[in-house]
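Novice: Sharing a structure below in C-alpha cells format, with a few things to ask.
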Protein chains: 2
Amino acid sequence: MLTIGALSRKTGTKVQTIRYYEQINLLPEPERTAGGQRRYRNTDLDRLSFIRHGRQLGFSLEAIRELLTLADHPQQSCSQADSIARRQLEQVQQRLLRLKALEQELQRMISECTGGDSGDCRVLEVLRDHSECLTDHNNIGE
Amino acid sequence: MLTIGALSRKTGTKVQTIRYYEQINLLPEPERTAGGQRRYRNTDLDRLSFIRHGRQLGFSLEAIRELLTLADHPQQSCSQADSIARRQLEQVQQRLLRLKALEQELQRMISECTGGDSGDCRVLEVLRDHSECLTDHNNIGE
DNA sequence: GTTACGACCTCTAGCCGCTAGAGCTTCAAG
DNA sequence: CTTGAAGCTCTAGCGGCTAGAGGTCGTAAC
C-alpha cells in the first residue's frame with residue numbers, strides 16, 4: 001500500500017496532479033486509512049504510469065481516457081487504439097511542420113540583426129511588417 | 001476609423017480577442033462613439049498586426065509586451081529584442097527535438113500494430129510498459 | 001505517553017490565451 | 001422609423017495542472 005507521496009515519487013507525478021486525476025475520474029478513488037489518507041495498490045501505480053506515459057507522448061487526457069477504456073476491455077478491437085495513435089501522430093507532424101517554419105523565420109530574423117538601435121532592429125521590423133515574413137502561418141504557432 | 005469588426009477582419013483576430021488584448025493593456029483604449037462603440041486608428045491596426053505576428057512566431061503575450069515597449073523606444077538597444085528572439089528560438093528548438101522524438105515513437109507504436117484484439121495491441125502495450133519506450137522524455141511533450 | 005514534524009487533507013484560486021454565451025444597446029441602410 | 005447586424009459588458013469555461021491557506025494524520029524518538 002503506497003502513500004500518495006510514494007506514488008508521486010515512483011511515477012514522477014506531483015501529488016496535486018494525482019489528486020486532480022482522481023477528481024476528473026481518470027484514477028479511481030483509492031482506499032483510505034482510518035484517518036482519511038489515500039493508500040494505493042499496484043494497479044493504481046500501473047494505471048498512473050500508463051497515464052503519464054500517454055501524456056509524455058502528447059495525448060490529451062481525453063484521448064488517454066479512451067485508451068484506458070480500450071485497455072480495460074481487451075476483447076475490443078485494437079484498431080480504435082490504433083486510430084487514436086494515428087490521430088495523435090498527425091497532430092505531432094503538423095506541429096513539427098509549423099515549428100520548423102518558425103525556427104527558420106526566427107533564425108533569419110536573428111541573423112540579420114546588427115545590434116544597433118531598435119530603430120532599425122531587424123527583429124522588430126519583421127514583427128512590424130508581415131509582408132517581410134516568408135512563412136505561411138495559418139495557425140498560431142504554439 | 002475602423003470598427004472592431006473591421007479591425008478583426010483586417011488582422012484575422014477575433015473580436016473577443018481584441019477586447020481581451022485591451023483588457024490586459026496590450027492594446028490602448030481606443031476612442032469611442034457617443035454610443036460607446038470602439039473606433040480604431042491605423043496605429044492600432046499596426047500594433048495589433050505586430051502582436052498577431054508575434055503570436056504566430058510563438059512569442060508569449062509577455063514577450064510581445066516587451067517587444068512592443070522596445071519598438072516604442074527606438075533609442076534603446078536592439079540587443080534586448082534580439083535576446084528575446086534568441087530565447088524564443090531556443091524554446092522552439094527544444095520543442096522541435098521533443099516532437100521529433102515523439103513522432104518516432106508514435107510511428108514505431110503504430111507500425112507494430114497488427115490490428116488484432118487490444119489484448120495484444122502494441123499501442124496499448126507500449127503505453128502500459130514504459131520500459132519499451134526508447135525515448136527520453138524529461139518533460140511532457142506538448 | 002507525548003511531542004515534534006513531515007506528510008497528508010480539503011478547498012479555493014490562479015496560470016495562459018483565449019472563447020462562448022447571456023442579455024442588452026447602438027448604428028446604418030432602406 | 002424600422003429592422004437587423006454588429007456592437008456592448010459581464011461572467012464563466014477550456015486544458016492541465018499548480019500554488020497556497022489552514023488544518024489533520026502518522027510515526028518515530030524521547
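Novice: Test each condition in (1) modelled with pLDDT of 85 or more; (2) more than 15 Å from B:Leu102 (Cα to Cα) for A:Thr114 and report the one that comes out false.
Specialist: Result: A:Thr114 passes all but (1).
Novice: Quick test of your reading of the structure: B:Thr13 fulfils all but one of (1) within 13 Å of DNA strand C (Cβ to nearest atom); (2) crowded, with 21+ Cβ neighbours inside 10 Å; (3) over 30 Å from A:Ala85 (Cβ atoms). Name the failing condition by number.
Specialist: Unmet condition: (2).
Novice: Something else: So, in the stretch B:71-86, of the ones that are of a type outside the set (Gly, Ala, Ser) and touching a residue at least 12 places away in the same chain (Cβ under 8 Å), which residue ends up surrounded by the fewest Cβ atoms within 10 Å (Cβ to Cβ)?
Specialist: My answer is B:Gln80.
Novice: Looking at B:Lys100, is it open to solvent by 60 Å² or more (accessible area, probe 1.4 Å) and within 16 Å of DNA strand C (Cβ to nearest atom)?
Specialist: No.
Novice: Return the residues of the stretch B:38-92 that are in contact with a Pro (Cβ under 7 Å, 6 or more places away or on another chain) and either farther than 28 Å from B:Leu7 by Cα or at pLDDT below 95 (or both); say none if nothing qualifies. If you could, list the steps in order and put the result at the bottom.
Specialist: Of all residues in the stretch B:38-92, those in contact with a Pro (Cβ under 7 Å, 6 or more places away or on another chain) come to B:38-40, B:44.
Hits for the stretch B:38-92: nothing passes.
Novice: Residues A:Ile24, A:Ile51: which one is more than 14 Å from chain B (Cβ to nearest Cβ), more than 11 Å from DNA strand C (Cβ to nearest atom), β-branched (Val, Ile, Thr) and within 18 Å of the chain's Cα centre (by Cα)?
Specialist: A:Ile24
Novice: Evaluate the following for A:Arg19: is it open to solvent by 80 Å² or more (accessible area, probe 1.4 Å) and either aliphatic (A, V, I, L, M) or not assigned by TED's automatic domain parsing to the domain that holds A:Val126 (or both)?
Specialist: Yes; evaluated as a whole, the condition is true for this residue.
Novice: Another question, then. When both residues are 6+ apart or on different chains and their Cβ atoms are under 6 Å apart, which pairs have a first residue that lies in the stretch B:52-68 and is closer than 18 Å to B:Val15 by Cα, and a second that is within 15 Å of DNA strand D (Cβ to nearest atom) and not hydroxyl-bearing (Ser, Thr, Tyr)?
Specialist: That search, which allows pairs on different chains as well, returns B:Arg55/A:Ile140; B:Gln56/A:Ile140.
The values are calculated or read from the model by the stated rules, or taken from the named source; none is laboratory data. Just so it is clear, the structure is predicted and the values come from calculations on it, not from any experiment. So basically every Cβ, Gly included, is an ideal-geometry build from the backbone, and we count neighbours across all protein chains shown. Heads up: the accessible areas ignore ligands, DNA and RNA and are worked out on the full protein's heavy atoms, side chains in. Shrake-Rupley method; radii C 1.70, N 1.55, O 1.52, S 1.80 Å.
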